[in-house]
1. Taking a cut-off of 24 Å, what percent of all Cα-Cα pairs in region 201-320 are separated by more than that?
2. Which of the aspartates and glutamates could a cross-linker span from LYS345 if the Cα-Cα distance has to be under 20 Å and same-chain partners fewer than 8 positions apart are dropped?
3. Take the Cβ-Cβ distance between THR383 and THR282 as r, set R0 to 56 Å, and report the resulting FRET efficiency rounded to the nearest 0.05.
4. How big is the Rg/Rh ratio for region 126-255, C-alpha atoms only, Rh by Kirkwood, two decimals?
Amino acid sequence: ADGVTVRNACQESLYNSIRARGLVTLSCLDTASLHRRVKGMAWRAGVIRCVAAALFLTLSSVMSTVEGNYTLEILMLSYENPSHMAKSLENFRFGCCELDTATPCKSCDNAFRVCVRNIPTIKGDCDLNQQDSTLIAEDDDDLMFTIGENIGGLSNPITVSGEMWGKVEVMFTVYDLDLTSTIESSSDVVDNIVIYPNIPAVSSANDPFSDTMLFSGNASYSHLELAFRLTCGPDSYGPDCTFCVPTNDSTGRYSCNNVTGEKECLDGYQGAECHDCVPAETCSPERGYCEDPGDCVCYPGFSGDDCSELVCSGQICNSSSCKRKHKFLSHTCGQECVNDTCVCKECPCEVECGENGECVRREEGVTCECSEGYRYNGELCETIPTTATREFTFGKKEIMSGVMY
């Protein structure tokens with residue numbers, strides 16, 4: 001078969017391999033766009049390069065490893081700069097990467113600098129990753145990339161590992177290497193493309209990448225098509241790779257929820273870090289505490305299994321001696337130690353009287369003093385019933401007056 005037939009067959013094979021492996025989601029692999037990408041792949045190295053890419057698709061899922069507490073993979077799919085213009089050029093060329101007699105501008109000689117950093121961080125500090133490519137393509141502003149491809153020395157996907165997943169900034173700075181061979185010696189910046197990935201973690205490196213996302217540069221000249229995959233490392237869980245290491249010592253006593261990574265206190269412990277023991281259920285929280293789960297250690301001045309007993313000069317105060325003195329009067333509220341003597345405490349005047357009375361304290365306790373025309377029924381001040389006439393029959397009919405209740 002001729003070279004065109006072989007090349008088309010290889011393209012179709014690679015297309016089917018991508019679909020079969022599920023390395024990117026189907027939403028970004030519709031037939032038209034995928035064939036566009038496959039057809040646009042740089043086949044300059046011939047059919048061997050296509051076979052090598054397909055082989056990488058087969059092996060990539062088993063070759064991936066996770067280091068740190070999360071791994072972010074950045075998959076480059078395409079780049080374009082339809083205007084062929086740049087935001088900053090060393091030599092004035094009317095904003096064009098190169099001038100051309102036939103068209104306003106000629107395509108750039110593109111190279112990428114990739115900077116990945118935690119936010120906030122020191123400006124310019126690429127604390128997670130910084131890589132520079134060499135010349136990716138000469139006079140070409142419509143680039144297609146494949147998974148596993150070496151893009152001017154950059155791996156695809158670019159892999160970044162970190163200790164704690166949070167807000168991460170990914171910045172692609174595109175350079176024009178028309179007048180030099182390296183980014184370090186170039187001051188011709190085509191565009192800056194800044195991305196803040198906001199994606200949930202997937203279960204493993206075998207899962208698909210995210211949907212394709214298209215990002216525009218600050219100067220709006222260039223567009224970069226990317227997909228992402230976030231995986232959690234050991235002891236990291238959930239969509240945000242929450243870090244949690246099961247612990248059972250003085251720093252905390254908890255296990256980790258294997259879905260969310262939230263700390264779950266071991267039996268007998270409580271608190272945000274599961275430092276605090278849980279006392280016996282009957283232990284008075286105001287009078288006792290625990291040193292070990294399930295016990296009840298009394299504060300000074302209290303005694304008993306639940307620390308409910310008041311101790312005054314070595315004597316246990318008996319609150320039952322403080323009796324209520326009238327069915328409509330609140331009893332005194334326990335005892336207190338005054339001058340080394342157990343005495344009954346007066347209850348605060350907190351009786352609910354309703355809107356027609358008020359709480360008052362009397363010698364025998366507290367009660368409600370009701371407004372004229374009302375009386376206290378033990379719960380609130382109610383209206384005193386009015387006088388009415390009833391009929392009573394005792395052998396013969398008599399009319400008597402009485403009070404209705």
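Bear in mind these aren't lab numbers, they're just calculated from the coordinates by the rules spelled out. Please read all numbers here as calculations on a predicted model, not as lab measurements. So basically every Cβ, Gly included, is an ideal-geometry build from the backbone, and we count neighbours across all protein chains shown.
1. That tail contains 58 percent of the Cα-Cα pairs.
2. Once the sequence-local aspartates and glutamates are set aside, what remains near LYS345 is GLU286, GLU309, GLU336, GLU363, GLU364.
3. Computed FRET efficiency for THR383 and THR282: 0.80.
4. Numbers: Rg = 18.5 Å, Rh = 17.3 Å.
Result: Rg/Rh = 1.07.
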